[in-house]
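K.L.:
Would you mind keeping the following structure in view while I ask a few things?
All of the numbers you see were taken from the coordinates with simple rules; none came from a lab. As the structure is a computational prediction, the values presented were derived from the model and not from experiment. Reconstructed Cβ throughout: ideal geometry from the backbone, glycine too, with neighbour counts over all protein chains shown.
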Amino acid sequence: MTRTFTLAVGACALALAAGCSTTHPGAAPVAPVTQSPSASEATQYGEVTNISLVDRPGSASGAGTVLGAVIGGVLGNQVGSGSGRTAATIGGAAAGGFAGHKIEESRAGGSQVYRVDVRFEDGTSRTFDFRDLNGLRVGDRIRWQDGQMYRM
């Protein structure tokens, strides 16, 4: 009876944690993903020198790891007796922590972004990350103004 109750509490806690995600799947920035300079920066003109697709991992707060470790430890404690129970508790906590971290990381939404290198007319070069290129290609002339890139 106690084991069934513990399993039910663990399952409810895991379901509750999965529903408490802080990501907003429909929200996508219009500006580059990388931090943009201040709006007071003068307009700059340049040329796109390189575009590559790179992985951008999701970020996890650590709550999934902690919750997974607790649930895994509770479930592991239900197995065996004596030193076997201790080993099962430690193993369950480790496996639960790993699983909780991976679940939270996948829910945080790792993604691929386009890394765009630009050489400006003043000789400086900068790199920007975009979720969408909107037709931008290597060799295109651009205008960088107010934290936005415009194809010319």
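K.L.:
Principal axis extents for the range 59-152, Cα atoms only, whole Å, descending order, please.
P.N.:
72, 24, 22
K.L.:
Which net charge results when you count Lys and Arg as +1 and Asp and Glu as -1 among the other residues whose beta-carbon is under 14 Å from that of Tyr114? Please report the intermediate quantities before stating the final value.
P.N.:
Numbers: positive: Arg56, Arg115, Arg131, Arg137, Arg151; negative: Asp55, Asp117, Asp129, Asp132, Asp140.
The answer is 0.
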